[in-house]
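This report concerns only the one structure given below.
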Amino acid sequence: MEETNTKDLQSASVSLTKPIRCIVKLGGAAVTCKNELETINEANLKMVSSQLRQSMATGSPSGEVLGMDWSKQPGESEISSAILDFEHRPVADPCPFIVVHGAGSFGHFQASKSGVHKGGLYQPLVKAGFVATRISVTKLNLEIVRALAREGIPSIGMSPFSCGWSTRERNIASADLSAVSKAIESGLVPVLHGDAVLDELLDCTILSGDVIISHLAAHLKPDFVVFLTDVFGVYDRPPSEPNAVLLREIAVAKDGSWSIVSPTLENMNKQVETEAAAHDTTGGMLTKISEAAAIAKLGIDVYIVKAATTHALRALNGELKGSIPDDWLGTNLLFFHSILKSN
């Protein structure tokens, strides 16, 4: 217990010269094809990357995008000549922000088939699954980093396992944020992801992106947090069901409990129903709501919105701070005191 507390203090000691504007949780289901193993939703990922560039003001002062992915592209025989553009044009620094993405159709299959999330690294199947899971999720991380880099965002992939993050019974026990803070101070954008990590009691488990973003928010205190998902926000039941209602505003109390503010439902005491894919080892929407509430409890505004939409761009731009327009589709989680002040 003492060791865990010491490690938590190490995380809390992080200080930045520039405040974090936003932490973005990029849902795996929003940028991958859920029912197609290890398949990226290229159109969504491209749009999300473009919107992050627009909202975080990256790129050259002239407005021209200077891509940073100098890898050999499919169908091309040479590396892009865009390298020469950087010799003569200054590159604007982005507003400090962090991206954390889920796994979607990457990693979950390998983890669920081998039982990595349950622990037992000494078992051959679990050990093999641990390796396979990390191969899969880091593969997705690289592609997301490349997509952001093509939009001129100086993105750097950071795997929690490689950065020394670990858990104790699935709760974060050690999370060294020094690499993240140094990257931000250097004008880089850290891109973290849900990962297979070592666990002090279980040997290993899965650390979800939603838990990671909650931890980052608690220690780095961004202005706001945006969850980009494959649906418009939180519903009172799975959105695929008839008559599902989008919850526009949720109030979070000091103890982390939350209640629906808007709209008014017929049965306000009814629990929100959620569902998770059979291969999802991270808890699905229920984990997302719980971690979003934990962030809102800190006094940080949280927006859950559909990725690659104008509603997402407005949230990323910071347009929603202080007032939610009637025509915005999404879910806003606010600390209860914030709601009292605005009324």
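Just so it is clear, none of the values below were taken in a lab; they were calculated from the coordinates. All figures in this text were calculated on a predicted structure; none of them were measured in a lab. With ideal geometry, Cβ positions are generated from the backbone for all residues, glycine too; neighbour counts draw on all protein chains shown.
Structure data summary
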read-out: Per-peptide average of other Cβ atoms within 10 Å, ordering 107-119, 309-321, 176-188 highest first; value: 107-119, 309-321, 176-188
read-out: Label-to-label distance, nm, for residues given as K46 and S162 (7 Å Cα→Cβ offset); value: 2.7 nm
read-out: Per-selection Rg to Rh, region 176-224 - Cα, Kirkwood hydrodynamic radius; value: 1.02
read-out: Mean Cβ neighbour count within 10 Å, used as a protection proxy, ranking 148-156, 325-333 highest first; value: 148-156, 325-333
read-out: FRET efficiency estimate (nearest 0.05) - Cβ-Cβ, L329 to S15, R0 35 angstrom; value: 0.45
read-out: Calculated FRET value between N243 and W70, using beta carbons and R₀ = 51 Å, to 0.05; value: 0.50
read-out: Inter-label distance, nm, simple model (7 Å from Cα along the C-beta direction), S186/Q54; value: 3.1 nm
